[in-house]
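S.K.: The structure follows.
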Amino acid sequence: MTSQHSPKRPLETDASAFQLPGFTLKHLLGMEGVSPRDITILLDRANAMVDVSRRAEKRRNTLFGRTLINLFFENSTRTQSSFEIAGMRLGMDVVNMAVQTSSVKKGETLLDTAQTLNAMRPDLLVVRHSAAGAAALLSQKLGCGVINAGDGAHEHPTQALLDALTIRRSKGTLEGLTVAICGDIAHSRVARSNIHLLNAMGARVRLIAPSTLLPSRVDELGATVFRRMEDGLPGCDVIMMLRLQTERMAGAFVPSAREYYRYFGLDSARVRLANRDAIIMHPGPMNRGVEIASDIADGVQSVIVEQVEMGVAVRMAVMEALMGAPLDGGDDA
Amino acid sequence: MTATKGKPGQQLYRNARIMDPASGLDMHGDLLVQNGRIVRTGKNLPPPKKGGAIVDCEGHVLAPGLVDSRVFIGEPGGEHRETIKTAGKAAAAGGVTTMVMMPDTSPVIDDVSLLEFVRKTAKSKSKIRILPAAAITRGLQGQEMTEFGLLRDAGAVAFTDGHKMVDDAQVMRRALTYARDFDALLMAPHRDPSLGRGVMNAGLNATRMGLAGIPREAEIIPLERDMRLVAMTKGRFHASTLSTSASVEVIARAKDKGLDVSAGVALANLTLNETDIGDYRTFFRVSPPLRDEQDRLAMVEGIKDGTLDIICSNHDPQEEDTKRLPFAEAADGAVGLETLLAGALRLYHSADVPLMRILECLTVAPAQRLGLKCGRMEKGARADLILFDPDHPWVLDDSELHSRSRNTPFQNARFSGRVLKTIVLGRTVFELKDQH
């Protein structure tokens, strides 16, 4: 695996001139192997960014004049907007590369794209790609910091960080909490990133899914596996639901949406199995009535909307940290 | 056939040879039934309470009713071949008190509403218990899993694509994996759709007759595949109908490894071989095909030593139109409900398999594998019973079959042993008429 830590490879851009004390990452490719200290630095800074986003003047020009390229090979309006807003609030020039109309469609390889982008001298690249390992590949070929916004079924580190921030703000800590991740684990980069982060921070991870949606030996990543909601939910502080792609409910992995909801959907009866103060999360977009009941998604225990807000804060924090911007800088701009 | 309405209260079956394979009990004595349930067995039991009935068994064998794990019925969609009603009558005449109905109907039993319809129809039209198995894949197409959880909750006793195996290994893998979460049993025959395209056992006979052969490998290769998939997924699996000696070895190895597998054999493959086809007799065209005598003996040995668990009728009614054809163009399948016990008793009379073991393979073994609390004579169990004379000589006349189709390979066959009485929940649902 490619190292996302700075000491191993010097960067060519000016950004390397900054170095945040104690922070070791130059790329954010995944949560696997990221230290609790780096995670804590990111979460602490993200927590401060929440206040920035809540005030009337949301600009914070710590990264003024730097260039952020959003390179999304898969459509995702939500995630792309979140990164775009984060970059703009830090004063960056944000460019969204529309892959649908770019030369990728004309047969350019990922490495050709990387070389082309490199020549434009970006400071940060955010990439989403359907192939696992795509972000790591780009990080090897580009002179700038790379943030993985989802690579296949591998990792989606900013989602895990925003989930962690949401939990921390609700529960005060991650340590010692019992977190159930429910649903399509097999195809989920969100699940993998969360498993790594939660383990690093001392939470206990449970996975609840039908066996067809559990990848081989997933328990060895650091989780206890359950095949029934009724078995896995009791004692949980956090219930994290995953989206089930429609094409996977047509008999290949799960027979039908109605059977999935019957046995794995989160409804009020199942919520009651967890701890009384359990919070309910979903990375979105939700399939209401498939993995989660509407009244639960909109209920008092749901923090799903807050997750979206935390997304911008976390991405701001990640960009600043990777660029080595000091926390107290920029607010006067 | 006379069906006496069961009276509330007690029935005492007296003077019987009571054989219960579940407990190994084999004694001369009496059995008391109350409200459709077995109360006790013993010697010289007191007469039943007032209003109760006494049945003199005249020393014949009283055993649990047969459980047939593989029965094709035409209803819905093929009522000209067999209805639930006629299948129920045939079963009762053959001593079968519980049967598993295959989902190969039209429409296919692959959703909850049809499953419920079939269960309801079976309850009202049949005196014996008919339990539907649901399809593994939608429309038996081998692609998309059915709703195992909902179907099982609605009463599907097992899952099978009936005549077909699941050809796609990935689909089979996922089905085994998903079924495990619901503790559901998958059952399948093994006949590779491309390799098994022939019409009779591959070999000298097929060569001489100019017929396309079905090599043994058409069964062995997919069976080996499924054993690997069961090992990989830790699923529950029953190989419905095996026919080759090598298949028995495959099952023995799988059981040695501790896999949750069981195996069945159709009565035809235990009692007939390919030479019975004779002059292109299509009623001997069955699937799996009749193999040679060595294979037949290996199946008998497998039943005897316990490698094979279950004997089934593989009852598959076919109309004249699909059978009175040149051999290569005829349909597979033979009726078998009414000859299941009599045919199986051939193995007892030939001294190949003890009577108790034969009964075990026809009663408690399938019941246990299907998770049914029947096929045994313990206190509180369903009073589903048969009374049979293991030595009663008779000749099968196909005009007397209760089944709507008469495609039996046993026309004019001589048997020793016949069902005299079939009892479901304490009610007599079949009684043999006096023989002239």
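Every number here is computed from the coordinates shown, using simple stated rules; none is lab data. Computed from a predicted model, the values in this text were never measured in an experiment. Cβ placement follows ideal geometry from the backbone for every residue including glycine, while neighbour counts extend to all protein chains displayed.
S.K.: Starting with the highest mean, order B:264-270, A:126-132 by the number of other Cβ atoms within 10 Å, averaged over the residues of each peptide.
M.R.: B:264-270, A:126-132
S.K.: Tell me, what HN-Hα J-couplings in whole Hz come from the Karplus equation 6.51 cos²θ - 1.76 cosθ + 1.60 at θ = phi - 60° for each residue of the stretch A:49-60, using x for Gly and Pro?
M.R.: Karplus-based 3J(HN,Hα) across the stretch A:49-60 equals 5, 4, 5, 4, 5, 8, 8, 5, 8, 9, 6, 8 Hz.
S.K.: Compute the distance from the alpha-carbon center of the stretch B:91-137 to that of the stretch A:237-309, in whole Å.
M.R.: 36 Å
S.K.: What fraction of the Cα pairs in the stretch B:134-210, stated in percent, has a spacing above 21 angstrom?
M.R.: 35 percent
S.K.: Residues with beta-carbon under 13 Å from that of residue B:301, excluding residue B:301: net charge, scoring Lys, Arg +1 and Asp, Glu -1?
M.R.: Details: positive: B:296, B:304, B:357; negative: B:249, B:293, B:295, B:305, B:352.
After counting each charged neighbour, the total is -2.
S.K.: Within 10 Å of each residue's Cβ, count the other Cβ atoms and sort B:43, B:127 from fewest upward.
M.R.: On the way: B:43 9, B:127 19.
Placing the least packed residue first, the sequence is B:43, B:127.
S.K.: Same structure again: Taking H placed 1.01 Å from N in the peptide plane, check which residues at least 5 places from residue A:70 or on another chain put their amide H under 5 Å from its amide H.
M.R.: Here A:95, A:96, A:97, A:126 satisfy the definition.
S.K.: Across peptide B:146-153, what mean number of C-beta atoms from other chains lies inside 10 Å of a residue's C-beta?
M.R.: Working: counts 4, 9, 5, 9, 6, 2, 0, 3.
Average neighbour count from other chains, rounded to a whole number: 5.
S.K.: Around residue B:401, under 15 Å between beta carbons, what's the net of Lys plus Arg minus Asp minus Glu among the other residues? Don't jump to the answer; show the numbers that get you there.
M.R.: Details: positive: B:81, B:85, B:89, B:323, B:404, B:406, B:418, B:433; negative: B:82, B:316, B:319, B:320, B:338, B:397, B:398, B:400.
Overall, the nearby charge balance is 0.
S.K.: Quick one: order B:50, B:89 by neighbouring beta-carbon count within 10 Å, fewest to most. Don't skip to the end; give the middle numbers.
M.R.: Details: B:50 7, B:89 25.
The fewest-first ordering by Cβ neighbours comes to B:50, B:89.
S.K.: Could you order the peptides A:47-59, B:29-41 from most to least packed, using the average number of other C-beta atoms within 10 Å per residue? Intermediate values should be presented prior to the final figure.
M.R.: Values: A:47-59: 13.8, B:29-41: 19.0.
Ranking the peptides A:47-59, B:29-41 by packing returns B:29-41, A:47-59.
S.K.: Roughly how crowded by other chains is peptide A:252-258, in terms of the mean Cβ count from those chains within 10 Å of each of its Cβ atoms?
M.R.: Details: counts 6, 4, 6, 14, 8, 0, 3.
Counting Cβ atoms of other protein chains within 10 Å of each residue's Cβ and averaging gives 6.
S.K.: Taking the DSSP beta bridges in the stretch B:63-188 as the whole, what percent of them are antiparallel, to the nearest 5? Mind dumping the intermediate values first?
M.R.: Working: 1 of 12 bridges.
Looking only at bridges with both residues in the stretch B:63-188, the antiparallel portion is about 10 percent.
S.K.: Which three extents, in whole angstrom, do the alpha-carbon atoms of the stretch A:150-209 cover along their principal axes, largest first?
M.R.: Projected onto its principal axes, the Cα set of the stretch A:150-209 covers 31, 23, 17 Å.
S.K.: Give a quick list of trypsin sites (Lys or Arg not before Pro) in the stretch B:320-408 that DSSP marks as loop, anything other than H, G, I, E or B, with at most 14 other Cβ atoms within 10 Å.
M.R.: Details: sites: B:323, B:324, B:346, B:357, B:369, B:373, B:376, B:379, B:382, B:404, B:406; in loops: B:324, B:373, B:376, B:379, B:404, B:406.
Passing sites in the stretch B:320-408 are B:324, B:373, B:379.
S.K.: In nm, give the distance between the simple-model label positions of residue B:153 and residue A:252, each being 7 Å from the Cα along the Cα-to-Cβ direction.
M.R.: So the label points at residue B:153 and residue A:252 sit 2.6 nm apart.
S.K.: What ³J(HN,Hα) values, in whole Hz, does the Karplus curve 6.51 cos²θ - 1.76 cosθ + 1.60 give for the stretch B:264-272 when θ = phi - 60°, with x put for Gly and Pro?
M.R.: Values, residue by residue: x, 9, 6, 3, 4, 6, 9, 10, 10 Hz.
S.K.: Would you work out the relative contact order for chain B, in percent, from Cα pairs under 8 angstrom that are 6 or more residues apart? Working shown, then result.
M.R.: Values: 1079 pairs, mean separation 88.3, N = 436.
After rounding, I find 20 percent.
S.K.: Sticking with this one: Near the amide H of residue A:225, under 5 Å away, which other amide H atoms are found, from residues 5 or more places off or on another chain, if H is placed in the peptide plane?
M.R.: Excluding prolines and chain starts, which carry no amide H, the hits are A:207.
S.K.: Further question: What does DSSP give for chain A in terms of the percent of beta bridges that are antiparallel, rounded to the nearest 5?
M.R.: Values: 2 of 37 bridges.
Counting only bridges with both partners in chain A, antiparallel ones make up about 5 percent.
S.K.: May I have the pair-distance distribution P(r) for the protein assembly as shown, computed from all Cα-Cα distances with 20 Å bins from 0 and rounded to whole percent?
M.R.: 16, 36, 24, 18, 6, 0
S.K.: In sequence order, what are the phi-derived ³J(HN,Hα) couplings for the stretch B:311-319 according to the Karplus relation 6.51 cos²θ - 1.76 cosθ + 1.60 with θ = phi - 60°, rounded to whole Hz, with x for glycine and proline?
M.R.: 9, 10, 7, 6, 3, 9, x, 9, 7
S.K.: Normalise the Cα radius of gyration of the stretch B:1-116 by 2.2 N^0.38 Å (N = residues in it) and let me know the number. Don't jump to the answer; show the numbers that get you there.
M.R.: Details: Rg = 18.1 Å, N = 116, 2.2 N^0.38 = 13.4 Å.
Compared with the compact-globule rule of thumb, the stretch B:1-116 sits at 1.35.
S.K.: Same structure again: I'd like the mean, over residues of B:176-183, of how many other protein chain beta carbons sit within 10 Å of each residue's own Cβ. Display every interim value, and only then the final one.
M.R.: Values: counts 2, 6, 9, 2, 4, 9, 5, 0.
Rounded to a whole number, the mean comes out at 5.
S.K.: Starting from the stretch B:60-142, pick out the GluC sites (Glu not before Pro) whose DSSP state is loop and whose Cβ has at most 16 other Cβ atoms within 10 Å.
M.R.: Working: sites: B:79, B:82, B:116; in loops: B:79, B:82.
Within the stretch B:60-142, the qualifying GluC sites (Glu not before Pro) (loop, at most 16 other Cβ atoms within 10 Å) are B:79.
S.K.: What's the Cα-based Rg to Rh of chain A, Rh via Kirkwood? List each step's numbers first, then the result.
M.R.: Values: Rg = 19.6 Å, Rh = 20.2 Å.
For chain A, the value is 0.97.
S.K.: Follow-up question, since we're still on this one. Could you order peptides B:163-170, B:235-242, B:195-202, B:325-332 by the average number of other Cβ atoms within 10 Å of their residues, highest first? Display every interim value, and only then the final one.
M.R.: Working: B:163-170: 17.4, B:235-242: 25.2, B:195-202: 19.8, B:325-332: 15.0.
Top to bottom by mean Cβ count within 10 Å: B:235-242, B:195-202, B:163-170, B:325-332.
S.K.: If you don't mind, another one. Do any trypsin sites (Lys or Arg not before Pro) in the stretch A:240-328 lie in a loop, going by DSSP, with at most 14 other beta-carbon atoms within 10 Å of their beta carbon, and if so which?
M.R.: A:272, A:276
S.K.: Given the C-alpha centroids of the stretch A:42-75 and the stretch B:363-436, what is the distance between them in whole angstrom?
M.R.: 79 Å
S.K.: Which value at 222 nm does chain B reach when only helices count, each DSSP H run of 4 or more adding -39,500 (n - 2.57), with the total divided by all residues and rounded to the nearest 500 deg cm²/dmol?
M.R.: -8500 deg cm²/dmol
S.K.: For every helix of n ≥ 4 consecutive DSSP H residues, a contribution of -39,500 (n - 2.57) applies; sum these over chain A, divide by its total residues, and give [θ] at 222 nm rounded to the nearest 500 deg cm²/dmol.
M.R.: Details: 11 runs with 117 residues, N = 333.
After summing the helix terms and dividing by residue count, I get -10500 deg cm²/dmol.
S.K.: Next question. Quick one: net charge of residue A:311's neighbours, Cβ under 12 Å, K/R +1, D/E -1? Don't skip to the answer; put the middle values down first.
M.R.: Numbers: positive: A:78, A:315; negative: A:84, A:163, A:306, A:309.
Summing Lys and Arg as +1 and Asp and Glu as -1 gives -2.
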